Every structure is written in structure tokens, then in C-alpha cells.
Amino acid sequence: MLLPVAVTGVTGQLGGRVARRLAAVGVPQRLLVRDQARAPRLPDSTSVLAPYHDGAAVRDALDGIETVLMVSAAETPDRVQQHLTFVDAAVAAGVRHLVYISFYGAAPDATFTLARDHWATEQHIRESGLAATFLRDNLYADFLPALAGADGVIRGPAADGRVAAVAQDDIADAASIVLRDPAPHAGQTYSLTGPQALTLAEVAALLSEATGREISYHAETVPEAYASREAYGAPRWQVDAWVSTYTAIAAGELAGVTTHVTDLTGCPATSLERLLSAAVRAG
């Protein structure tokens with residue numbers, strides 16, 4: 001008899017992919033959601049209302065669960081505190097193994113500001129006593145087409161740095177394998193990347209080829225990057241995160257290619273070219 005696994009983030013792109021993969025192989029699931037009306041309907045699964053900030057609700061939702069997938073919460077100023085509340089509730093509920101979706105190169109001094117949040121979460125998990133596995137994802141390759149503006153230009157202060165972006169399907173494949181048999185992965189950190197590191201000029205060229213639309217890359221200066229994003233009216237912390245995505249690329253912090261996707265799944269990591277081709281065929 002398979003033990004149930006708790007999965008968070010199931011109404012999003014990554015958590016939903018993982019939940020569908022587990023359902024396909026008969027793993028019973030408890031789906032922790034913020035809105036039960038949006039919870040996917042999957043075989044042998046139940047949904048429970050348990051937002052990260054509500055420690056009591058999370059503790060009740062995880063009662064009797066040994067293994068949990070923790071997808072990072074939505075980007076907000078209090079995201080780290082939400083994560084800490086969730087982890088503490090998991091400990092109180094008796095969870096044994098936590099699989100956390102972190103970020104490539106998470107560190108207290110990472111250029112990408114949100115990577116520092118992931119580091120703080122990892123540290124709290126380490127100190128909690130839980131067995132844990134960290135899946136440190138590079139930038140999502142699926143997101144790269146959205147970097148181009150309406151005029152077909154990717155703008156950002158990435159200079160000629162490279163990014164080893166990873167497909168969400170590859171992450172979901174890796175996560176579902178770890179969740180089905182977590183013990184061998186306890187204490188492990190996997191850095192999940194695509195098979196190659198590309199400059200944003202190379203990304204633009206691949207996007208142009210795949211879409212038939214002219215896409216180009218303009219390397220902004222940091223002041224230009226802040227100025228070009230002023231029109232969004234976003235809070236400073238969010239603009240810092242947006243801009244530092246590019247400056248992290250410029251600093252070479254997202255360039256390293258690993259074999260961890262293949263090590264976990266037995267399949268080659270998906271290239272951006274293959275991902276874009278599949279997207280075009282799917283319409």
C-alpha cells in the first residue's frame with residue numbers, strides 16, 4: 001500500500017505537474033491549497049484548505065503525512081515568514097521528509113534577491129531536524145518567451161552572461177521520482193538545469209526561429225532597467241527581484257550546467273529548442 005504524499009502549489013504550473021505525475025502512477029495525495037475551488041480533481045486525492053501563513057491549518061492538513069512537497073509560496077514581502085510557519089507546522093504534524101523547491105545558487109549573498117529567501121528557508125529546514133531534499137531550479141525555460149516585450153525585445157542588464165534554464169516538466173519529473181522514494185535523497189541538494197547555458201541573445205535567436213517573429217536582446221544598464229520598469233508601479237522589493245534576475249545572469253551565477261535532471265530521471269534534460277518546438281506543435 002502506497003503512503004499518501006502531501007503536495008503544495010497544485011493550482012500552479014509546477015505543483016500541478018507534480019500532482020498529475022503522482023496520480024498517474026497511483027500515489028494517493030493530500031493537496032494543500034489556498035482555494036479549494038481551484039484544486040485539481042485527481043484520482044485518490046483530497047484537497048485541504050491550508051495557506052502557508054496559517055500554521056494551525058497546515059499542521060492539521062499534514063497530520064498522518066510522512067512526505068511533503070513544498071513549492072515556494074507566491075512572491076510577497078513576507079514569503080520567508082510564510083515558509084518558516086509552514087516548516088514549523090510540518091514538524092509539529094510529525095512529517096518526516098520535506099522536499100523543497102528552492103532556487104539554483106541559493107545563498108545569503110546571491111545576486112538574485114529571491115535566491116536569498118530560498119537560502120533562509122533552506123537553513124530553517126536544516127535546523128528543524130526534518131529529513132530534507134532541496135531541488136534548486138534554475139530559471140524556468142518555459143518563462144523565457146515571456147521576457148520579450150510587445151515590441152519583440154528582451155531588455156535587461158544581463159550583459160553577455162549565460163543562463164542554464166530548466167524545463168518545468170523536467171523539474172516535475174525529478175520531484176515526482178524523489179517523492180515516490182524519498183529516503184535515498186535525504187540530505188541531498190540537486191541543482192536542476194537545462195543541457196546548455198545560453199546568452200539572452202542566443203535565447204532571442206531561438207525564439208525568433210521557433211515563432212517566426214523577430215526577437216532581439218537589448219543589454220540594459222542597471223539604471224536603465226529600473227527606469228524601464230517604473231511604469232509597472234510595482235513595489236521596490238519586486239522591481240529589485242526583477243532586475244536582479246538579469247544581474248545574476250551577468251554575474252555568471254546561473255550559468256553552471258549540471259547532470260542532475262538526468263541523474264534523477266534517467267532522461268536527458270530538455271533543451272530550449274526542443275521545448276519551443278513542442279510548444280509550437282501544441283499550438
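I want to confirm something. Restricting to the stretch 9-39 and keeping residues that are in a helix (DSSP H, G or I) and aliphatic (A, V, I, L, M), which single residue is modelled with the lowest pLDDT? Reasoning before the result, please.
The initial filter retains those residues of the stretch 9-39 that are in a helix (DSSP H, G or I), namely 13-24, 36-38.
Add one more test, that the residue is aliphatic (A, V, I, L, M), and what stays is 14, 18-19, 22-24, 37.
Numbers: 14: 97, 18: 98, 19: 98, 22: 98, 23: 98, 24: 97, 37: 92.
Among those residues, the one meeting the criterion is 37.
Report, by residue number, each residue of the stretch 118-160 that is in contact (Cβ under 8 Å) with a residue 24 or more places away in the chain, open to solvent by 40 Å² or more (accessible area, probe 1.4 Å) and closer than 27 Å to residue 272 by Cβ. Residues satisfying the conditions are 140, 142, 145, 155, 159, 160.
Taken over the stretch 46-93, the criterion of being part of a strand (DSSP E or B) and under 22 Å from residue 177 (Cα atoms) is satisfied by 46, 47, 67, 68, 69, 70. Being more than 24 Å from residue 226 (Cα to Cα), open to solvent by less than 20 Å² (accessible area, probe 1.4 Å), touching a residue at least 24 places away in the same chain (Cβ under 8 Å) and part of a helix (DSSP H, G or I), is that true of even one residue in the stretch 193-205? Within the stretch 193-205 (the criterion being more than 24 Å from residue 226 (Cα to Cα), open to solvent by less than 20 Å² (accessible area, probe 1.4 Å), touching a residue at least 24 places away in the same chain (Cβ under 8 Å) and part of a helix (DSSP H, G or I)), the answer is no, since none of the residues qualifies. Among the residues of the stretch 213-239, those identified as crowded, with 16+ Cβ neighbours inside 10 Å, touching a helix residue (DSSP H, G or I) at 6+ places or on another chain (Cβ under 7 Å) and part of a helix (DSSP H, G or I) are 225, 226, 239. Residues in the stretch 148-186 that are among the aliphatic types (A, V, I, L, M) and within 17 Å of the chain's Cα centre (by Cα): 163, 164, 165, 166, 167, 171, 172, 174, 175, 177, 178, 179.
Please indicate, with yes or no, whether at least one residue in the stretch 251-258 is modelled with pLDDT of 95 or more, buried (at least 16 other Cβ atoms within 10 Å of the Cβ) and more than 30 Å from residue 177 (Cα to Cα). Taking every residue of the stretch 251-258 in turn, at least one turns out to be modelled with pLDDT of 95 or more, buried (at least 16 other Cβ atoms within 10 Å of the Cβ) and more than 30 Å from residue 177 (Cα to Cα).
Under the condition of being assigned to a loop (DSSP other than H, G, I, E, B) and open to solvent by 10 Å² or more (accessible area, probe 1.4 Å), the residues counted in the stretch 96-110 number 6.
From the list 113, 67, 46, 76, the lone residue that is surrounded by fewer than 20 Cβ atoms within 10 Å (Cβ to Cβ) and over 30 Å from residue 250 (Cβ atoms) is 46.
For the stretch 161-173: of the residues being closer than 27 Å to residue 19 by Cβ and out of contact with any Ser or Thr (no Cβ under 6 Å at 6 or more places or on another chain), which is most open to solvent (accessible area, probe 1.4 Å)? Give the derivation first.
Here is the first cut: in the stretch 161-173, the ones closer than 27 Å to residue 19 by Cβ are 164-173.
Narrowing the set further to residues that are out of contact with any Ser or Thr (no Cβ under 6 Å at 6 or more places or on another chain) leaves 165, 168-169, 171-172.
Numbers: 165: 13, 168: 15, 169: 63, 171: 0, 172: 0 Å².
The selected residue is 169.
Listed conditions (1) out of contact with any Gly (no Cβ under 7 Å at 6 or more places or on another chain); (2) touching a residue at least 40 places away in the same chain (Cβ under 8 Å); (3) more than 30 Å from residue 26 (Cβ to Cβ); (4) not in a strand (DSSP E or B) are all met by residue 172, apart from (3).
Look at (1) more than 25 Å from residue 16 (Cα to Cα); (2) modelled with pLDDT of 95 or more and you find that residue 184 fails only one, number (1).
The values are calculated or read from the model by the stated rules, or taken from the named source; none is laboratory data. Everything numeric in this text was worked out from a predicted model, so none of it was measured. Cβ atoms come from the backbone with ideal geometry, glycine included; neighbour counts cover every protein chain shown. Accessible surface is based on the protein model in full, side chains and every heavy atom, while ligands, DNA and RNA are left aside. Shrake-Rupley method; radii C 1.70, N 1.55, O 1.52, S 1.80 Å.
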